[in-house]
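Peer 1: First the structure, which I've put down as structure tokens, then a few questions once you've had a look.
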Amino acid sequence: MRAAIAVAEADPSLKVALISKVYPMRSHTVAAEGGAAGVKKPTDSLEYHFHDTVGGGDWLCEQDVVEYFVSQAPVELTQLEHWGCPWSRTADGHVNVRAFGGMKIERTWFAADKSGFHILHTLFQTSMKYPSIKRFDEHFCVDLLAEDGRCQGAVVIEMGTGEFTMIEARSVIIATGGAGRVFRESTLGGIVTGDGMAMAYRHGVALRDMEFVQYHPTCMPVTGLLFTEACRGEGGYLVNKDGYRYLQDYGLGPLQDKPKNKYMELGPRDRLSQAFFFEQQKGRTIQHPTLGAVVHLDLRHLGEAYLHERLPLIYEMAETFMGLDPAKDPIPVRPAVHYTMGGIRVDGRCAASLKGLYAAGECASVGIHGANRLGSNSLTELLVFGKVAGVEAARNAKSSSAGNSASLLKQAQAVEQRVMSLKTKPGGSEKISVLRKEMVQSMEEGCGIFRVEKTMRATCEKLSELRERFKNINIEDKTSVWNTDWLTAIELDYQLDVAQTMAHSAINRKESRGAHQRLDGFEQRDDVNFLKHSEAYYVAGGIPRIAYGDVKITKSQPAARVYGAAGEKADQERKGSHV
Amino acid sequence: MSDTKKIIEIEVLRYQPESDTEPHLEVYKVPFSDDMSVLQGVQYIKDNFDGSLTFRWSCRMAICGSCGMMINGIPKLSCETFLRDYYPNRVRVEAMAHFPIEKDLVVDLSGFIGKLESIQPYIIPREARSLEQGEYIQSPEQFNAYIQFTSCINCTLCYAACPQFGLNPDFIGPAAIALLHRYNMDSRDGAAEQRMELVASEEGVFNCSAVGYCSEVCPKHVDPANAVNINKTNAAKDYFLRFLSPKGGSK
Ligand SMILES: Cc1cc2nc3c(=O)[nH]c(=O)nc-3n(C[C@H](O)[C@H](O)[C@H](O)COP(=O)(O)OP(=O)(O)OC[C@H]3O[C@@H](n4cnc5c(N)ncnc54)[C@H](O)[C@@H]3O)c2cc1C
Ligand code: SF4
Ligand code: FES
């Protein structure tokens, strides 16, 4: 939506089709709680935000892109304020910022703990101001149209009728979000199935750094629903079965009186999720009778009033979903899948290798997250790069000619036939829900917080098997109106592609970096061989081909990634060497 | 995992437009555990008994606003309503009242979306401000004047609760009026007058018969009834002032 607005503002004569398989205000951005990062305080600097991001990403970031990102972040967040976003404020009426994991200084703009909700609704409502934006709500995109090496449109299904429509376009922007639903326990909505990634991939565009999948350390067991990092930013503790703040044993200490950035609970997510795994190995997690192994997120010392003011949604969720009062009881939590760092490979201006195709948001790999995203960088990413994608797409549309409608239509008809045949072909026997269950189970086993060759190999094989079995699916619902049975089958098809890129990229990365951690002899980071982006290319009927691309390094040379007291020391030394 | 020995009966209002002439109820026996929501119950039916069962959902955490249904006759978000609260009785799940049914539990929301669009739900600045000038300043009082009305998730439960909307589908209704009020009360906005015309129009606040059920069912404590009420007073005042000054204008 940020991109659509950018196009409408760049040139109101350009027609924009805004397509979404749900009403846009239902997009999963709605669930983001914590906030969006952008330098705000006088004591902060763009330089600090840059270093936190690049270090947090374990040096797998495109540093020139990060530099642009941090410089535009405050501008875009202010723009959103002008559009009405109710950012939380200080007593003197200015926008307030809070602490977030891995960020050295408070720079996360927040709207209570409903930041994503407010960003999304502000953009949705603001988009209604522009007559050139025509929405296709509850339209499901099934494929892109490409001809003469240019992306020239898309094919969509109107979900309410099952009718196909071809949309011709001189520029196409994909902003379909992440793909974490290929895993079992996740913080994600049912719509987060990686469709856009798979569509671009099948048109020959590389999916970059797909092995990097972020686990969020504090989620509700079983459902995976998230307790925002802001719980820790506001001073929550993580304790094991002995009531001990175990993070001090994992290079994040020593204990502080107050929450301190980059220390303890405010360390980066990958480290916190990994610490959980080791605690579990040591038998120091709590064995909950129905929820399995958990640790406790303890907010009790913050007091009821403060919790209601700063974390109202969390309060409500704990009460409704778990039947407990966070002012009186600690909350059982464990890690769950949360974010896909990788995505459609695009350059710093959001352009993919297929001309006319752009991507922004979680589906894209523009290069700011590297091997591990810092919380609150991605909401800002939507705004900064949504705008870039819109501006570039508008520029491209004005400078290119319309395509050949007749041959595009032919292509669109072929797409329609392929997609319809999923539903109409006789004699299938595989159930979608069964295939999906096997996929998510296998991804969790093979591509979890820690990875070893043997289980990754098993996952790769399982996925190939599922690809085969998918050919034999049976869709029970044969109707046209609102056929979600059929649409989920199309999603599963995409998910299998995306899962394959993740598993194969993972098994090929023989090192440990950021969110990709191995326990089978590759425990260290290996900058000699793997300071590289992985790129997965589609191979029809086969497994993805994995290639490697260079990382753009400008001013931050790879160093040890350290937090807590050790991190502070390293910062001092870096500063020392600069002057 | 939790024990799944218990079985609850879920009665679902089914309607397949391509084969059914009218909606009918069907009963399914669903094994459940205490942490299972009604939404998970219907998902279980779809995955295990009938893949054609259709309903909207996404976030599972009561924030996307997709999963509204009538549950034992009361409009609720199915993802935050739990089966344990109905067991051992049967629970009945139906499409949201007052909206045309498209299929099973999916209703036609295009009218509602049109209403949102009609109220100009965006800041029309009172005073232009450039990005270089930074954010607008809002005092805590100014902030508190509208913040409550920003929490609407567009779940439309309040419409399913509103008897007047049931009688007159053109009534712009609780959530849209609450959103209108949200922008009118925002110190950054200067278009309240424009929006007041709609408030006082035939589709506007005077449709409301002050039942207040909308606020009761609202899962986000938006209190749309309050927004409607305030605007009734404003519209009446507006009308009165217009009457006094032939040039029109409310201030
Ligand atoms: C619980 C949670 C909390 C988070 N908290 C934070 C936070 O505090 N700070 C932060 O920076 N980040 C946070 N994140 C991450 C951040 O919210 C996401 O990365 C971001 O919102 C993704 O936005 P997006 O626009 O790329 O995708 P989405 O918001 O998921 O939107 C994707 C859109 O594409 C549409 N779409 C997808 N496929 C198709 C198709 N085939 N046809 C048609 N339309 C399609 C969808 O309908 C949807 O409208 C959080 C994430 C979660 C899950
Ligand atoms: S006002 Fe409340 S009930 Fe009505 S749509 Fe908004 S959140 Fe739902
Ligand atoms: S699934 Fe999103 S509100 Fe219930």
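Peer 1: Mean residue ellipticity at 222 nm from the helices of chain A, using -39,500 (n - 2.57) per DSSP H segment of n ≥ 4 over the full residue count, to the nearest 500 deg cm²/dmol?
Peer 2: -12000 deg cm²/dmol
Peer 1: Around A:R518, under 14 Å between beta carbons, what's the net of Lys plus Arg minus Asp minus Glu among the other residues? Please report the intermediate quantities before stating the final value.
Peer 2: Values: positive: A:R451, A:K454, A:R457, A:R509, A:K510, A:R513, A:R525; negative: A:D58, A:E211, A:D270, A:E453, A:E511, A:D520, A:E523, A:D526.
So the surrounding residues net to -1.
Peer 1: Additional query: Taking the stretch A:482-579, which GluC sites (Glu not before Pro) meet the DSSP loop condition and have no more than 13 other C-beta atoms within 10 Å?
Peer 2: Values: sites: A:E491, A:E511, A:E523, A:E535, A:E568, A:E573; in loops: A:E511, A:E523.
Hits after loop and neighbour filter: A:E523.
Peer 1: At a Förster distance of 41 Å, what's the computed FRET efficiency of B:D34 paired with A:Q248, Cβ-Cβ distance as r, to 0.05? The partial results should precede the final answer.
Peer 2: Values: r = 35 Å, r/R0 = 0.86.
Step by step, r from the Cβ atoms, then E = 0.70.
Peer 1: How high is the relative contact order of chain A, given as a whole-number percent (alpha carbon pairs under 8 Å, six or more residues apart)? Intermediate results must be reported in sequence, preceding the final value.
Peer 2: Values: 1250 pairs, mean separation 126.5, N = 579.
Rounded, it is 22 percent for chain A.
Peer 1: May I ask you to compute the full-extension gain from A:K510 to A:R284, defined as 0.36 nm times their residue separation minus their alpha-carbon distance, rounded to one decimal in nm?
Peer 2: Details: separation 226, 0.36 × 226 = 81.36 nm, distance 2.97 nm.
Gain on extension, A:K510 to A:R284, equals 78.4 nm.
Peer 1: Would you please name the trypsin sites (Lys or Arg not before Pro) within the stretch A:443-510 that are DSSP coil residues with at most 16 other C-beta atoms within 10 Å of their C-beta?
Peer 2: A:K471, A:K478, A:K510
Peer 1: While we're here: Of the heavy-atom accessible surface of the stretch A:126-218 (probe 1.4 angstrom), what whole percent is carbon and sulfur? Numbers along the way, then the final one.
Peer 2: Details: 1140 of 2460 Å².
Carbon with sulfur: 46 percent of the solvent-accessible area.
Peer 1: Can you give me the angle between helix A:432-446 and the longest principal axis of chain A, using Cα atoms only, in degrees from 0 to 90, rounded to the nearest 10?
Peer 2: 40
Peer 1: If contacts are Cα pairs under 8 angstrom and at least 6 residues apart, what is the relative contact order of the stretch B:35-157 in percent? Provide the component values of the computation, followed by the final result.
Peer 2: Details: 129 pairs, mean separation 31.7, N = 123.
Answer for the stretch B:35-157 is 26 percent.
Peer 1: Now a separate question. Indicate the gyration tensor shape class of the protein assembly as shown (rounded, prolate or oblate), computed on the Cα atoms with a ≥ b ≥ c the square roots of the eigenvalues: a/c under 1.5 is rounded; otherwise a/b larger than b/c is prolate and the rest oblate.
Peer 2: Numbers: a/c = 1.28, a/b = 1.16, b/c = 1.11.
Because its axes are fairly even, with a/c under 1.5, the protein assembly as shown counts as rounded.
Peer 1: Number of Lys-Lys pairs in chain B under 15 Å by Cα, sequence gap 8 or more or different chains? Walk me through the intermediate numbers first.
Peer 2: Numbers: B:K5/B:K29; B:K6/B:K29; B:K29/B:K46; B:K46/B:K103; B:K76/B:K220; B:K237/B:K251.
Taking chain B as the scope, the lysine pair count is 6.
Peer 1: In percent, what relative contact order does the stretch A:220-331 have, based on Cα pairs under 8 Å that are 6 or more apart in sequence? Before the final figure, lay out the partial values.
Peer 2: Working: 134 pairs, mean separation 29.8, N = 112.
So the answer I get is 27 percent.
Peer 1: Distance from a point 7 Å along Cα→Cβ of A:V539 to each backbone N in the stretch A:478-500: keep the residues under 15 Å and list them by number.
Peer 2: Residues A:500 fall inside that zone.
Peer 1: Could you list the GluC sites (Glu not before Pro) in the stretch A:351-393 that lie in coil according to DSSP, counting only those with at most 11 other Cβ atoms within 10 Å of their Cβ? Write out the running numbers ahead of the final one.
Peer 2: Details: sites: A:E362, A:E381, A:E392; in loops: A:E362.
Nothing satisfies the criteria.
Peer 1: Calculate, for B:E22 and A:S132, the FRET efficiency according to 1/(1 + (r/R0)^6) with r their C-beta to C-beta distance and R0 30 Å; round to the nearest 0.05.
Peer 2: After rounding to 0.05, the efficiency reads 0.10.
Peer 1: Between chains B and A, what is the buried accessible area in Å², counting both sides, with a 1.4 Å probe and ligands, DNA and RNA left out, to the nearest 100? Numbers along the way, then the final one.
Peer 2: Values: alone 13540 and 22360 Å², together 30600 Å².
Summing both chains' loss of accessible area gives about 5300 Å².
Peer 1: Comparing the chain by itself with all protein chains present, which residues of the stretch B:70-102 are at least 40 Å² less accessible (probe 1.4 Å)?
Peer 2: Listed in order, they are B:E80, B:F82.
Peer 1: Helix A:405-424 versus the longest principal axis of chain A: what is the Cα-based angle in degrees, 0 to 90, to the nearest 10?
Peer 2: Between helix and principal axis, roughly 70 degrees.
Peer 1: Averaged over A:477-489, how many beta carbons belonging to a partner chain fall within 10 Å of each residue's beta carbon?
Peer 2: Values: counts 8, 2, 7, 2, 8, 11, 5, 11, 6, 2, 0, 3, 1.
Average per residue, whole number: 5.
Peer 1: How crowded by other chains is A:26-32, given as the mean number of beta carbons from other chains within 10 Å of each beta carbon?
Peer 2: On the way: counts 12, 3, 4, 1, 8, 7, 1.
Taking all residues of A:26-32 together, the mean is 5.
Peer 1: Search the structure for amide H atoms under 5 Å from the amide H of B:F82, placed 1.01 Å from N in the peptide plane, and list their residues when 5 or more places away or on another chain.
Peer 2: B:V38
Peer 1: Suppose the chain between A:E573 and A:S400 were pulled fully straight at 0.36 nm per residue; how much longer would it get relative to their current alpha carbon spacing?
Peer 2: Additional length available on full extension: 57.1 nm.
Peer 1: State the percentage of accessible surface on the stretch A:285-424 attributable to carbon and sulfur atoms; use a 1.4 Å probe and exclude ligands, DNA and RNA.
Peer 2: 53
Peer 1: Here is a further query. In square angstrom, what is the accessible area per residue of the protein assembly as shown with a 1.4 angstrom probe? Each step should come with its number before you reach the end.
Peer 2: Values: 30600 Å² over 830 residues.
On a per-residue basis, 37 Å².
Peer 1: Percent of accessible area on chain B owned by carbon and sulfur, 1.4 Å probe? Don't skip to the end; give the middle numbers.
Peer 2: Working: 5660 of 10860 Å².
Heavy-atom surface of chain B belonging to carbon and sulfur, 1.4 Å probe: 52 percent.
Peer 1: Can you tell me the orientation of helix B:224-244 relative to chain B, as the angle in degrees between its alpha-carbon axis and the longest Cα principal axis, to the nearest 10?
Peer 2: Taking Cα atoms only, the helix is inclined about 30 degrees.
Peer 1: Where Lys and Arg each count +1 and Asp and Glu each count -1, what net charge lies around A:V415 among other residues with Cβ under 12 Å from its Cβ? Please report the intermediate quantities before stating the final value.
Peer 2: Numbers: positive: A:R202, A:K410, A:R418; negative: A:D143, A:E416.
So the environment of A:V415 carries a net charge of +1.
The values are calculated or read from the model by the stated rules, or taken from the named source; none is laboratory data. Everything numeric in this text was worked out from a predicted model, so none of it was measured. Neighbour counts run over all protein chains shown; Cβ positions are idealised from the backbone, glycine included. Side chains included, ligands, DNA and RNA excluded: accessible areas come from the protein's heavy atoms. Shrake-Rupley method; radii C 1.70, N 1.55, O 1.52, S 1.80 Å.
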